[in-house]
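Q: Before I ask anything, here is the structure I am working with.
The values are calculated or read from the model by the stated rules, or taken from the named source; none is laboratory data. Owing to the predicted nature of the structure, the values given are computational and were not obtained by experimental measurement. Here Cβ is always computed from backbone atoms with ideal geometry, including for glycine, and neighbour counts include all displayed protein chains. Note: accessible area is taken over every heavy atom of the protein model, side chains too, but ligands, DNA and RNA are not part of it. Shrake-Rupley method; radii C 1.70, N 1.55, O 1.52, S 1.80 Å.
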Amino acid sequence: MQKQFGTSVWYRFALGAMIFLAAELAVPVRAQQWLQSIPRFPIASSDLTIRQHAETLKPFTVAGECGTFVGQQDGSFEAWVFPVKLLSHFRIEAELEDYSVPIDVNEQAAEIEVAPDHTTITYSHAAFTVREILFATPCDTNGAGVMALFQIDSVRPLKLTFSFTPEVKRMWPAANYNAPSPEWVKQGGSGYYLLHTDSDDLTGAVAIPGTQPGILAPYQERPKSWPTQLILSFDPKRDAGQYFPLLLASGNTTESAKPAALAAQLAKLNEGAAQLYAKTADYYAHFFDKRLVAETPDQHLNQAMQWAELSIDQLRVRHGDEVGLVAGFYSSGDSNRPGFGWFFGRDTLYTLFAVDGYGDFALTRQALEFLIKRQRDDGKIMHEYSQTAELVDWKNLPYEYAAADSTPLFLMAMEDYVNSSSDKEFLQQHWDVVEKAWQFERTHDTDGDGIYDNSQGTGWVESWPSGMPHQEIYLAALDQQASSAYARLARLMNKADQASSAEARAQKVASTIEQEYAGPMYAFSRNADGSLDKTATIYPSIAWWDGHYALKQSGEMFRRWASNEFSTDWGLRDLGEHEVFYDPISYHQGSVWPLFTGWTSVAEYRTGHTISGYAHLMQTADLTWAQDLGSVTELLSGAYFSPFGRSTTHQLWSSAMVLTPAIRGLFGITTDALHNSISVVPHLPAEWDHAVLRHVPVGRTFIDLSFKRDGAFLVVRATGGDARLLSGDGSKMKDGALRIPLPGVEVDIPHELPLPGSRTAQLKVLNQTADAHSLTLDLEAQGGSVYDLPLRVNGVPHTAIHTDGATLAQTAVGSAADGSSLHIVFPAGVGYQRQSVRLSW
């Protein structure tokens with residue numbers, strides 16, 4: 001069979017034939033040597049593939065429902081088969097025939113290729129090329145989680161030594177044992193390692209077909225730490241055209257940890273390697289068949305949105321017969337915590353607004369049901385739940401209900417799901433859960449002001465220099481939105497009295513916030529004695545999250561958020577840099593989070609600060625290519641463009657903050673699937689003349705939305721379904737399309753991440769105001785800097801445009817519809833200088 005199906009035959013077939021071919025290649029184990037290398041099969045290509053030169057210290061993640069590789073771009077990694085870390089520090093060394101210098105293969109890492117279904121690291125040496133192809137295997141195979149394939153080409157025979165540290169550690173906080181004892185089990189001309197722990201219910205197994213063991217110290221030797229090694233002798237005449245798979249198996253119960261069971265797992269993985277990859281490739285080949293896809297003039301944004309959907313999906317983790325969303329992955333180092341690789345309530349709930357936006361309602365239901373199952377008896381929604389929670393006394397540890405915000409966010413997310421999906425049956429099925437969450441929310445006000453407070457756990461911050469807050473505006477604003485959400489849900493359930501009560505509470509909370517928190521910057525928190533902590537923070541931006549609420553005195557706050565006080569060139573700080581305890585490398589007092597950047601971008605779009613909203617959206621989107629390729633990191637320095645060393649690099653809600661500001665802000669989409677309608681208030685950048693959104697979900701159907709400029713109008717058309725298209729600003733339908741009036745003049749600003757290590761220096765738009773005949777921009781930029789901003793004129797003669805603070809100029813065609821630009825020279829001076837520009841016509 002191996003001779004009959006060679007590599008050249010495989011590559012003649014398209015992806016659709018891979019599963020059939022994989023089945024043909026699967027020779028029964030009894031008919032072959034026990035573990036074997038396998039004929040090469042095609043690895044799928046994708047238009048989304050990211051290729052870059054490998055940067056050895058930058059991370060990568062390959063994640064699936066049952067396992068993950070987390071490592072560095074030099075190809076070293078640790079491997080998890082959930083919930084067990086099997087091995088770490090996986091590295092490769094080479095010895096070439098008649099070449100007396102040992103070669104550190106990881107130092108030869110030349111290129112990394114990240115595709116939806118796999119990641120490939122290519123090691124390039126003058127005498128050989130090794131490709132390390134890593135992918136997550138489907139969960140429906142016993143013992144599956146992740147697999148690596150090694151593709152080797154060499155001009156001479158080559159000995160490769162694969163070294164690793166055996167771990168066999170259950171994820172935090174489960175109890176673990178001493179370092180495992182590797183035992184080489186010989187099978188035919190090769191074998192595999194059994195990794196024994198001190199318990200008969202926890203054992204691992206690792207194999208690469210055709211390998212021999214490295215150092216196996218006899219019992220008589222003095223105790224010493226020896227490397228665990230798999231040694232492969234590669235002969236290019238004999239072994240060309242083969243993959244050598246890294247097979248990983250874990251036994252986490254008494255039965256599955258038995259040597260015979262682990263051996264069977266390895267054999268099944270070896271036998272089915274081709275099928276396993278084919279299933280993974282097929283899943284991603286059809287991933288966007290029924291998920292939102294953007295087609296705009298900005299290919300970078302299009303791909304960032306697709307990668308955000310993929311990144312979220314790759315954080316689904318199976319837990320028994322459930323599936324939930326974990327918060328993110330990163331190398332665990334000497335701990336047993338792979339980033340935030342366990343289930344979080346608020347991380348999930350913020351992300352579900354994005355998931356609803358791109359239409360994966362099955363994932364939303366799974367994630368909500370995971371939280372519902374763990375609702376506390378008094379109604380509180382969980383904060384975090386480890387993958388090994390059942391192995392410890394989790395309820396008596398301080399983590400499951402540590403935060404207070406999951407409960408209001410649950411009510412908000414439930415309403416968003418019902419509105420987006422039209423799944424009223426799900427609401428009816430879980431109405432008792434919703435009611436319990438609401439009762440918890442409305443009855444936990446400890447100071448009598450009628451607002452849910454921090455007595456039930458942390459709001460946002462988990463530490464604060466002046467002491468933990470009593471009631472954060474963050475939590476108060478969520479309380480208002482949750483009260484309003486519950487009222488609308490109660491009306492759907494024909495519970496008028498409860499709806500009226502909740503509406504009254506929402507109005508009272510909003511009024512109290514204005515009375516107690518308002519100022520040039522809304523206060524960070526209210527103390528138990530009624531005094532305020534007036535620290536300038538980003539947290540009030542959450543008030544605009546669900547689109548039903550707004551703070552009334554916010555003008556100065558938005559100016560400061562858009563300025564260099566808060567806005568870096570890679571996202572928004574959570575604390576103004578002029579505050580006394582601002583610390584750009586702290587967790588809560590000055591670092592940059594894509595999460596906060598997303599909150600603020602949504603708020604800016606909802607309040608007419610669309611240019612700054614776009615700038616902040618693109619800062620997050622551009623992070624897709626900055627570190628863990630295809631994902632967005634957790635947090636970065638507030639001073640320099642550099643992620644934290646401990647930032648979880650494949651972070652759930654960070655990727656969500658590419659999608660929600662784009663879908664609900666830039667495109668301005670609001671879905672009312674219960675009434676089969678969708679409304680739009682689009683804010684396309686001035687340089688775009690068109691855009692299309694494919695597979696926009698409206699309940700159980702999908703539509704396509706097209707946006708096209710036509711003179712002084714933006715024409716929006718829906719096709720492919722019967723949902724009613726509405727305008728959020730009152731524009732009328734004509735010839736089956738919305739014709740939305742455009743402003744006479746539009747301006748764009750450039751977006752681009754700075755070089756690593758840079759300080760903030762880019763142009764900021766502090767405020768924009770417009771009426772029928774004018775546009776005023778309040779700007780700031782480095783003293784003496786000069787900008788030519790793309791300008792679009794919609795139905796206004798150029799000769800009728802007058803400027804103050806800038807001049808009109810002509811630039812290369814393509815920067816705007818007709819090559820016009822706005823030439824601005826900022827005043828001389830050190831640091832940021834401000835300039836107001838007014839255009840009238």
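Q: Of a type in the set (D, E, K, R), assigned to a strand (DSSP E or B), in contact (Cβ under 8 Å) with a residue 24 or more places away in the chain and open to solvent by 10 Å² or more (accessible area, probe 1.4 Å), is that true of Arg318?
A: Answer is yes for this residue.
Q: When you scan the stretch 403-423, do you find a residue that is under 30 Å from Arg724 (Cα atoms), modelled with pLDDT of 95 or more and touching a strand residue (DSSP E or B) at 6+ places or on another chain (Cβ under 7 Å), even just one?
A: The answer is yes; a qualifying residue exists.
Q: Name the residue, out of Thr620, Thr624, that is touching a strand residue (DSSP E or B) at 6+ places or on another chain (Cβ under 9 Å) and open to solvent by less than 10 Å² (accessible area, probe 1.4 Å).
A: Of the residues listed, the single one that is touching a strand residue (DSSP E or B) at 6+ places or on another chain (Cβ under 9 Å) and open to solvent by less than 10 Å² (accessible area, probe 1.4 Å) is Thr624.
Q: Could you please find all residues in the stretch 524-548 being outside any loop (DSSP other than H, G, I, E, B) and either surrounded by fewer than 22 Cβ atoms within 10 Å (Cβ to Cβ) or touching a helix residue (DSSP H, G or I) at 6+ places or on another chain (Cβ under 7 Å) (or both)?
A: The answer is Ser525, Arg526, Leu532, Asp533, Tyr539, Pro540, Ser541, Ile542, Ala543, Trp544.
Q: Next up: Return the residue satisfying two criteria in turn: it lies in the stretch 218-241 and is at pLDDT 95 or above and out of contact with any strand residue (DSSP E or B) (no Cβ under 9 Å at 6 or more places or on another chain), and of such residues it is surrounded by the most Cβ atoms within 10 Å (Cβ to Cβ).
A: Filtering the stretch 218-241 for residues that are at pLDDT 95 or above and out of contact with any strand residue (DSSP E or B) (no Cβ under 9 Å at 6 or more places or on another chain), the one surrounded by the most Cβ atoms within 10 Å (Cβ to Cβ) comes out as Arg238.
Q: Which condition breaks for Asn494 when tested against (1) among the polar types (S, T, N, Q); (2) more than 30 Å from Asp583 (Cβ to Cβ); (3) touching a residue at least 24 places away in the same chain (Cβ under 8 Å)?
A: Going through the list (1) among the polar types (S, T, N, Q); (2) more than 30 Å from Asp583 (Cβ to Cβ); (3) touching a residue at least 24 places away in the same chain (Cβ under 8 Å), Asn494 breaks only (3).
Q: Moving on to the next point. So which residues in the stretch 587-609 are crowded, with 24+ Cβ neighbours inside 10 Å, part of a helix (DSSP H, G or I) and over 19 Å from the mean Cα position of the chain (by Cα), if there are any at all?
A: Our first condition is that a residue be crowded, with 24+ Cβ neighbours inside 10 Å; within the stretch 587-609, this holds for 591-605, 609.
Still in the list and also part of a helix (DSSP H, G or I): 594-605.
Correct list: Ala603, Glu604, Tyr605.
Q: Oh, and also: Quick check: is even one residue across the stretch 107-118 in contact (Cβ under 8 Å) with a residue 12 or more places away in the chain, of a type in the set (Gly, Ala, Ser) and not in a strand (DSSP E or B)?
A: Yes; the residues of the stretch 107-118 include at least one that is in contact (Cβ under 8 Å) with a residue 12 or more places away in the chain, of a type in the set (Gly, Ala, Ser) and not in a strand (DSSP E or B).
Q: Next question, about the same structure. Report the residue count in the stretch 454-474 for those that are out of contact with any Phe, Trp or Tyr (no Cβ under 6 Å at 6 or more places or on another chain), assigned to a loop (DSSP other than H, G, I, E, B) and not aromatic (Phe, Trp, Tyr).
A: Result for the stretch 454-474: 9.
Q: Still on this structure, I have one more. Among the candidates Asp788, Asp804, single out the residue that is open to solvent by 30 Å² or more (accessible area, probe 1.4 Å), in contact (Cβ under 8 Å) with a residue 24 or more places away in the chain and more than 17 Å from Ala686 (Cα to Cα).
A: When all the criteria are applied, what remains is Asp804.
Q: Taking the stretch 670-692, which residues are crowded, with 23+ Cβ neighbours inside 10 Å and in a strand (DSSP E or B)?
A: Thr671, Ile678, Val680, Ala691
Q: Here's a follow-up. Does Phe667 count as open to solvent by 10 Å² or more (accessible area, probe 1.4 Å) and either among the small types (Gly, Ala, Ser) or in contact (Cβ under 8 Å) with a residue 40 or more places away in the chain (or both)?
A: No.
Q: Quick one: which of Phe353, Phe361, Phe329, Phe340 is touching a helix residue (DSSP H, G or I) at 6+ places or on another chain (Cβ under 9 Å) and over 22 Å from Glu425 (Cα atoms)?
A: Phe340
Q: Which of the following residues is modelled with pLDDT of 95 or more, buried (at least 18 other Cβ atoms within 10 Å of the Cβ) and among the hydrophobic types (A, V, I, L, M, F, W, C): Ala22, Ala54?
A: Ala54
Q: How many residues does the stretch 625-663 contain that are part of a loop (DSSP other than H, G, I, E, B) and not hydrophobic (A, V, I, L, M, F, W, C)? Walk me through it before giving the result.
A: Residues of the stretch 625-663 part of a loop (DSSP other than H, G, I, E, B): 626-635, 637-642, 644-649.
If we keep only those that are not hydrophobic (A, V, I, L, M, F, W, C) too, we end up with 627-628, 630-631, 633-634, 637-638, 640, 642, 645-649.
Total meeting the criteria: 15.
Q: Given the conditions (1) under 22 Å from Arg606 (Cβ atoms); (2) touching a Ser or Thr at 6+ places or on another chain (Cβ under 6 Å), which single one is not true for Gly805?
A: All conditions are met except number (1).
Q: Oh, and also: Taking into account only those residues within the stretch 335-393 that are part of a helix (DSSP H, G or I), in contact with a Ser or Thr (Cβ under 7 Å, 6 or more places away or on another chain) and not small (Gly, Ala, Ser), which is surrounded by the fewest Cβ atoms within 10 Å (Cβ to Cβ)?
A: That would be Phe361.
Q: Can you pull out every residue in the stretch 337-385 that is of a type in the set (Asp, Glu) and either free of Cβ contacts under 8 Å to residues at least 12 places away in the same chain or out of contact with any Asp or Glu (no Cβ under 9 Å at 6 or more places or on another chain) (or both)?
A: Filtering the stretch 337-385 for residues of a type in the set (Asp, Glu) gives 347, 356, 360, 369, 377-378, 384.
Asp377, Asp378 - these are the residues of the stretch 337-385 that are of a type in the set (Asp, Glu) and either free of Cβ contacts under 8 Å to residues at least 12 places away in the same chain or out of contact with any Asp or Glu (no Cβ under 9 Å at 6 or more places or on another chain) (or both).
Residues checked against (1) in a helix (DSSP H, G or I); (2) more than 19 Å from Asp405 (Cβ to Cβ); (3) in contact with a Ser or Thr (Cβ under 6 Å, 6 or more places away or on another chain); (4) not small (Gly, Ala, Ser):
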{"site": "Ala476", "(1), (2), (3), (4)": "yes, no, no, no"}
{"site": "Gln481", "(1), (2), (3), (4)": "yes, no, no, yes"}
{"site": "Leu489", "(1), (2), (3), (4)": "yes, no, no, yes"}
{"site": "Ala499", "(1), (2), (3), (4)": "yes, yes, no, no"}
{"site": "Glu503", "(1), (2), (3), (4)": "yes, yes, no, yes"}
{"site": "Ala510", "(1), (2), (3), (4)": "yes, no, no, no"}
{"site": "Tyr522", "(1), (2), (3), (4)": "no, no, no, yes"}
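Q: Just one of the numbered conditions (1) in contact with a Lys or Arg (Cβ under 9 Å, 6 or more places away or on another chain); (2) assigned to a strand (DSSP E or B) is not true of Pro245; which one?
A: For Pro245, the failing item is (1).
Q: Considering Ala274, Ala285, Ala281, Ala249, which residue is surrounded by 22 or more Cβ atoms within 10 Å (Cβ to Cβ), farther than 30 Å from Gln212 by Cβ and touching a residue at least 60 places away in the same chain (Cβ under 8 Å)?
A: Numbers: Ala274 fails: farther than 30 Å from Gln212 by Cβ; Ala285 fails: surrounded by 22 or more Cβ atoms within 10 Å (Cβ to Cβ); Ala249 fails: farther than 30 Å from Gln212 by Cβ.
Going through Ala274, Ala285, Ala281, Ala249 in turn, just one is surrounded by 22 or more Cβ atoms within 10 Å (Cβ to Cβ), farther than 30 Å from Gln212 by Cβ and touching a residue at least 60 places away in the same chain (Cβ under 8 Å): Ala281.
Q: On to the next question. Within the stretch 128-145, can you find the residues that are more than 26 Å from the chain's Cα centre (by Cα), modelled with pLDDT of 85 or more and open to solvent by 10 Å² or more (accessible area, probe 1.4 Å)?
A: Listed by number, the residues that qualify are Thr129, Arg131.
Q: Residue by residue through the stretch 436-493, note down the ones that are open to solvent by 10 Å² or more (accessible area, probe 1.4 Å), over 17 Å from Phe410 (Cβ atoms) and within 26 Å of the chain's Cα centre (by Cα).
A: Residues satisfying the conditions are Glu462, Ser463.
Q: Just to verify a result, which residue in the stretch 74-104, among those that are out of contact with any strand residue (DSSP E or B) (no Cβ under 7 Å at 6 or more places or on another chain) and assigned to a strand (DSSP E or B), is nearest to Leu391 (Cα to Cα)?
A: If we take residues in the stretch 74-104 being out of contact with any strand residue (DSSP E or B) (no Cβ under 7 Å at 6 or more places or on another chain) and assigned to a strand (DSSP E or B), then Val101 is nearest to Leu391 (Cα to Cα).
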